[in-house]
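Below you'll find the structure, written out as structure tokens, and then a few comments.
Every read-out reported here was derived from the displayed coordinates using simple, explicitly stated rules and does not represent laboratory data. In this text, all values refer to a predicted model and were calculated from it rather than measured experimentally. Cβ placement follows ideal geometry from the backbone for every residue including glycine, while neighbour counts extend to all protein chains displayed.
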Amino acid sequence: MGKRITQQARGRGGPAYRVRKKAYRYRISFPALNVEGIGIVNKLINSPGHTAPLAELKISNNKFFIPAAEGIFEGKEFWIGKRAENKDAEPGDILKLKDIPQGTKVFNVENRPGDGGKYLRSAGGFGTVINRDKGVAELLIKRRQLKLNENSRAVMGVVAGAGRKMKPIVKAGKKYHMMKSLGRKWHRTSAVKVNAVDHPFGGGRGKRIKSKISKRNAPAGAKVGHIRPRKTGRGK
């Protein structure tokens with residue numbers, strides 16, 4: 001009798017395939033839409049569940065977490081909304097897209113006003129405000145253009161931690177613990193390398209796969225490979 005193949009084990013959700021709840025105890029968000037004024041960066045946090053460092057921000061009685069902007073530090077002041085006397089915004093300030101000048105880099109952008117930020121949250125990420133017209137702000141993300149509500153909020157600047165991939169990992173053990181903290185399965189073993197009892201592609205003796213197309217009536221665990229086509233052969 002064989003054991004569960006990887007797809008079945010992952011679907012069952014054992015401890016090897018679950019992320020630690022502690023890794024995601026920080027929820028990225030903004031305060032309520034009516035909160036404006038000056039606040040302070042309480043502290044910077046290294047969160048294992050995020051690629052970028054997080055900043056704990058405090059304004060009046062509100063505390064919230066966002067990805068840290070490049071160049072901010074503990075004790076730095078930030079603004080939600082326009083700065084007093086119409087001074088230029090600084091990295092870490094939170095503004096509505098309609099108040100941000102064209103060509104400005106932003107991150108942690110809301111999809112809809114009040115949802116707390118959904119786009120551009122990984123280390124080194126940013127988008128550029130390129131246009132505003134009739135209640136819509138346009139954002140350029142690499143080669144993709146995104147149209148959003150002009151009242152959606154965003155953080156000025158670039159997400160910190162852009163050079164995280166430049167440092168070599170060196171040891172497999174380090175990679176293992178990095179993936180474990182994110183709840184990812186690592187390392188991945190190719191299906192043709194395992195035994196016949198562990199996978200339908202296994203036990204090939206020289207990696208001769210019988211078929212990459214799963215049987216139409218195969219059970220959930222054994223339905224691996226390509227989706228079965230309705231018909232095969234040359235079209236007439």
Additional length obtainable on full extension of the chain from Gln102 to Arg184, 0.36 nm per residue less Cα span: 25.7 nm
Simple spin-label model, 7 Å along Cα-to-Cβ: Val35 to Lys223 in nm? 4.6
If one takes the longest principal axis of the Cα atoms in the chain, at what angle in degrees, from 0 to 90 and to the nearest 10, does the Cα axis of helix 172-182 lie? 70
Contact order relative to length for the chain, counting C-alpha pairs under 8 Å separated by 6 or more residues, stands in percent at 18
Going by Cα centres, the range 110-177 and the range 1-46 are how many Å apart? 18
Cα gyration tensor, the range 166-222 - rounded (a/c under 1.5), prolate or oblate: prolate
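Can you figure out the FRET efficiency of Lys215 with Ile141, using R₀ = 30 Å and their beta-carbon distance, to the nearest 0.05?
The value I calculate is 0.15.
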Just to confirm the filter: which trypsin sites (Lys or Arg not before Pro) across the range 18-53 are DSSP coil and have at most 15 other Cβ within 10 angstrom of their Cβ? Arg18, Arg20, Arg25, Arg27
Need one word for the range 58-113: rounded, prolate or oblate. Basis is the Cα gyration tensor (sqrt eigenvalues a ≥ b ≥ c); a/c below 1.5 gives rounded, then a/b vs b/c decides. rounded
Which residue fluctuates the most in the chain, going by a Gaussian network model with Cα springs under 10 Å, if the choices are Ser122, Ser29, Ser60? Ser60
What are the semi-axes of the equivalent ellipsoid for the chain, taken as the square roots of 5 times the Cα gyration tensor eigenvalues, largest first, in whole Å? 46, 23, 16
Using only the Cα atoms of the range 51-173, build the gyration tensor, take square roots of its eigenvalues as a ≥ b ≥ c, and label the shape rounded, prolate or oblate: rounded if a/c is under 1.5, else prolate if a/b is larger than b/c, else oblate. oblate
Mind telling me which of Leu146, Leu120, Leu97 comes out most flexible in a GNM of the chain, alpha-carbon contacts under 10 Å? Leu146
For the chain, modelled as a Gaussian network with Cα springs under 10 Å, which listed residue fluctuates most, His226, His50, His177? His226
Assuming R0 = 45 Å, can you tell me the calculated FRET efficiency for the pair Met166 and Val192, based on Cβ-Cβ distance, to the nearest 0.05? 0.85
Share, in percent, of DSSP beta bridges within the chain that are antiparallel, nearest 5: 90
